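Engineer: Here it is, the structure, as C-alpha cells.
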C-alpha cells in the first residue's frame, strides 16, 4: 500500500493528490493507495481517501504502507521516520497556493541533505521516485538505521548519567 498524507493545514494540496490519482489511473501505481486529503478540493477517482484521520489511524496506515508520501510538515515527516521508514516528501509551496511561505521546502532540504528523506520539488519527479523507490532508499536504509541506533545510544547515555548523578 501507498499512504499519502497532506496534513491538516487549511490550504489545498491538489497538486499532489491529482498526481497520485493520475499515476493510479494510468497504471504506474498498481497497488492500493490511501490518501488523507485535508482541505484539498480535488477528490480522487482512483484511490481510497478520507479528509482527516485520527492519530491511531495515521500510525496504522504508516505501519501498513510500503511507501509513505507526505507533505513537508514536521509531524507528518517524523511519524514514518520514527517507524524506520523513509518517506517521499513533497513540500507545500507558496507559488501554488499550498502554504503561506516556503518553510516546508527549507525544512525538507535540510532533512534531504542529512539523507533521511526523498524529496520531490517538481511534481513530475514523483513517478520516478515511486517506481524506483527501493533503489533510491537502499543505501539510505543502512545509514538511517545506524543514525537511529546512534541517537538511541546517546539518549540512553544521557538518561543513565542523570540517574547516576541523582
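The values are calculated or read from the model by the stated rules, or taken from the named source; none is laboratory data. This is a predicted model, so every value here is computed, not measured. All Cβ positions, even for glycine, are placed from backbone atoms using ideal geometry, and neighbour counts span all protein chains on display.
For (1) surrounded by 14 or more Cβ atoms within 10 Å (Cβ to Cβ); (2) touching a residue at least 24 places away in the same chain (Cβ under 8 Å); (3) in contact with a helix residue (DSSP H, G or I) (Cβ under 8 Å, 6 or more places away or on another chain), each residue gets a yes or a no:
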| site | (1), (2), (3) |
| --- | --- |
| 14 | yes, yes, no |
| 40 | yes, yes, yes |
| 47 | yes, yes, yes |
| 55 | no, no, no |
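Engineer: Same structure, new question: Please work out if residue 166 is modelled with pLDDT of 95 or more and either outside any helix (DSSP H, G or I) or farther than 24 Å from residue 1 by Cβ (or both).
Structural biologist: Answer is no for this residue.
Engineer: Suppose we keep only residues that are surrounded by fewer than 21 Cβ atoms within 10 Å (Cβ to Cβ) and in contact with a helix residue (DSSP H, G or I) (Cβ under 7 Å, 6 or more places away or on another chain) within the range 20-38. Which one would you say is nearest to residue 86 (Cα to Cα)?
Structural biologist: 34
Engineer: Does the range 59-82 hold any residues that are touching a helix residue (DSSP H, G or I) at 6+ places or on another chain (Cβ under 8 Å) and closer than 21 Å to residue 15 by Cα, and which are they?
Structural biologist: Residues satisfying the conditions are 67, 68, 69, 70, 71, 72, 73, 74, 77.
Engineer: Out of all the residues in the range 107-132, which are closer than 16 Å to residue 17 by Cα and assigned to a loop (DSSP other than H, G, I, E, B)?
Structural biologist: 120, 121, 122
Engineer: Take the range 87-99 and flag every residue that is closer than 17 Å to residue 10 by Cβ, surrounded by fewer than 22 Cβ atoms within 10 Å (Cβ to Cβ) and either free of Cβ contacts under 8 Å to residues at least 40 places away in the same chain or touching a strand residue (DSSP E or B) at 6+ places or on another chain (Cβ under 6 Å) (or both).
Structural biologist: Result: 93, 94.
Engineer: More than 12 Å from the chain's Cα centre (by Cα) and either buried (at least 17 other Cβ atoms within 10 Å of the Cβ) or modelled with pLDDT of 95 or more (or both), is that true of residue 133?
Structural biologist: yes
Engineer: Okay, next question. Within the range 1-51, track down each residue that is closer than 16 Å to residue 79 by Cα and assigned to a loop (DSSP other than H, G, I, E, B).
Structural biologist: 6, 7, 8
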